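Peer 1: To start, I am sharing the structure in question, which I have written as structure tokens.
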Amino acid sequence: MLFTTASKLSENLKNFRSSTKKIGFVPTMGALHSGHMSLITQAHQQTEVVVVSIFVNPTQFNNSSDLEKYPRNLEKDINYINENYPNTLIFAPAIEEMYTRGCQSESFDFGELEKVMEGAFRPGHFNGVGTIVKRLFEVVQPDIAFFVEKDFQQLAVVRRLVEITKLPVKIVGCETEREPNGLAKSSRNERLSETAREEAKVIFQSLSKLKFAFNDKSPRELKDMFETELESNTKFELEYIQIADEETLQPVEEFEKEKKYRAFTAVIVEEVRLIDNIALN
Ligand code: PAF
């Protein structure tokens, strides 16, 4: 069932809120693929009512051409959801519905989380994400919301947002779906040529090599390894490779026992920015 206004969706959800049924929520920017479907599946497994939002959020794009080129196909997305989970509530609002007082982001204090990686390379991005996720949470009022680990930093920011706003939502992180060659599923993959989409497998392959080498190398050596792997293909422009504490997301110079670490990367291929990460231990 499709809703385009917050009031109609809220009205429909009211019936469920008064019952003991749990509301699950999967926020998306559309151009849905099997990675989204996996989140929707988990939402249907864990909750009785599932809302999927489709909204390309302008305030989280720090680059206007990226926003312009972001793939959009609402009709195809709706059909895709209806074919798989016909009892899903789809919320596809217009910009004015989400931004009633002009298209601007709120400013949040995400602390150190927003100063590194995506936060550092995409100024304002997480304030944009925080603004729309908060607004969507207020409209949907879900019990559980599902986010993919491909955007691991976003997941951490959303958890922090829930702490800041005290909204009663449980956040569930879901494993990244991958193409058969290992490339993380992303709506942006659609913009790659067939050759680049195949060659981009090197991103996950190289991250996997770091995981394999974790016990024998320092963070600096792991980063060097990754850079060498990526440099061998001139199509790839490495924006960053970072070895960070999984909890704080701050970069580390050396490993400590008992702590969990992840490698994070952003790579530009044919002007398309791809991100991925891997748990190292
Ligand atoms: O991950 C995304 O697709 C977006 O950042 C989100 C969470 C839907 C907010 O616009």
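The values are calculated or read from the model by the stated rules, or taken from the named source; none is laboratory data. Because the structure is predicted, anything quoted here is derived from the model rather than measured. Quick reminder, even Gly has a Cβ in these numbers, built from the backbone with ideal geometry, and neighbours come from all protein chains shown.
Peer 1: Taking segment 120-130 as the search range and keeping residues that are surrounded by fewer than 23 Cβ atoms within 10 Å (Cβ to Cβ) and in a helix (DSSP H, G or I), which one is farthest from the ligand (Cβ to nearest atom)?
Peer 2: Of everything passing the filter in segment 120-130, Ala120 is farthest from the ligand (Cβ to nearest atom).
Peer 1: With the checklist (1) assigned to a helix (DSSP H, G or I); (2) surrounded by fewer than 17 Cβ atoms within 10 Å (Cβ to Cβ); (3) at pLDDT below 95 in hand, flag the one item Asn233 doesn't pass.
Peer 2: Single failed check for Asn233: (1).
Peer 1: Any residue at all in segment 27-50 that is part of a loop (DSSP other than H, G, I, E, B) and of a type in the set (S, T, N, Q)?
Peer 2: yes
Peer 1: Sticking with this one: Given (1) more than 25 Å from Pro168 (Cα to Cα); (2) within 16 Å of the ligand (Cβ to nearest atom); (3) modelled with pLDDT of 95 or more; (4) acidic (Asp, Glu), identify the lone condition not met by Asp66.
Peer 2: (3)
Peer 1: In addition: For segment 68-104, which positions are surrounded by 13 or more Cβ atoms within 10 Å (Cβ to Cβ) and over 22 Å from the mean Cα position of the chain (by Cα)?
Peer 2: Scanning segment 68-104 gives Asn82, Glu97.
Peer 1: Would you mind stating whether Glu106 is over 20 Å from Thr59 (Cα atoms) and away from the ligand (no atom under 11 Å from the Cβ)?
Peer 2: No.
Peer 1: Which residue pairs have Cβ atoms under 7 Å apart, sit 6 or more places apart or on different chains, and have a first residue in segment 168-193 that is of a type in the set (Asp, Glu) and a second that is modelled with pLDDT under 95?
Peer 2: From segment 168-193, the pairs are Glu190/Pro71.
Peer 1: Would you mention how many residues in segment 132-161 are more than 9 Å from the ligand (Cβ to nearest atom) and either farther than 29 Å from Phe204 by Cβ or among the charged types (D, E, K, R) (or both)?
Peer 2: 12
Peer 1: Would you mention how many residues in segment 27-49 are among the β-branched types (Val, Ile, Thr) and under 20 Å from Met98 (Cβ atoms)?
Peer 2: The total comes to 1.
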